[in-house]
Every structure is written in structure tokens, then in C-alpha cells.
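No value in this document is a laboratory result; all are computed from the given coordinates. It should be emphasised that the depicted structure is a prediction, and the values quoted were computed from it without experimental measurement. Backbone-built Cβ (ideal geometry, glycine too); neighbour counts: all protein chains shown.
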Amino acid sequence: MLESLAFVDDDGEEVVLDADEAQSLLTLVENFEAATVSACPGCRSRVLACVALVDLLDDAPPHPRARELLELADDAPTLHLYAWDLTTQCVHPAWRDPGHTEWMEALVDLLDGPPPRS
Ligand SMILES: [Zn+2]
């Protein structure tokens, strides 16, 4: 499977979608607009509000991975989930609100080294 888009919570639990799954899900939920707290203008990485994400997935047409994402959002230890675009070299230079810092801090635990600095 070519990993395309990962959803991670503050405990490091993750759900990873392949390119087809990510594309179809993003279409169904309109790019998570309604659940987005903060997003990179240059790629698909973003901070999502768990409660809004659950509502969004509940209202969306069925998707094969929606149940896993719902469970991730339901069990998340904080109010936010983090979507991580795995297909881009984007280092998010234009993502300049506090959501970006929160996102980086959530993901740094998953990486071997520090994330790229913009
Ligand atoms: Zn980016």
C-alpha cells in the first residue's frame, strides 16, 4: 500500500489511507472543511476537531475506512486529530497560525528526528 494520508491523535494512534481511499474520503467530506481547525495552504496537512469530524463522517455517504476514523476521533485523548499529508514535500512555509505548532508537536513523537523547520 502506498501511504497517502495519515490521521494521528495525541497518543500516536493512527489510521493511514492509501491514495484512492484518501481521495474518495476527501471528496465525500469536502476536504474536511467543516471540521478543520487549521490547515496548511500548500498541502493536505491539517488540524481537525474530533467532534466535528465525527459529525462529518456520520453525515457523509459510507466510506470503507470511515469506521476506523470515527473510532480514532471518538477515542482521541484531546479535542483534535492531526491529518498528515504523506505524499508531499511541503514543509508548510505558509502555515503560520498556532495550529501548525500544535500539529508539529503532535507528529514529532512519531518521527525519528525533528520535523523539517520552515
Ligand atoms: Zn503543507
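Points to keep in mind about this one:
- C-alpha long axis of helix 98-108 to longest principal axis of the chain, angle in °: 90
- Label sites at D10 and Q23, each approximated as a point 7 angstrom past Cα along Cα to Cβ, lie 3.5 nm apart.
- Cβ-based net charge around T87, under 13 Å, with every Lys or Arg adding one and every Asp or Glu removing one: -4
- Projection of the Cα convex hull of the chain, averaged over all directions and equal to a quarter of that hull's surface, yields 6.7 nm².
- Free-standing Cys residues across the chain, given no other cysteine C-beta under 4.7 angstrom: C40, C50
- DSSP-loop trypsin sites (Lys or Arg not before Pro) across segment 42-118, with at most 14 other Cβ within 10 angstrom: R96, R117
- Per residue of the chain, the DSSP helices (runs of n ≥ 4 H) give a summed -39500 (n - 2.57) that works out to -10500 deg cm²/dmol at 222 nm.
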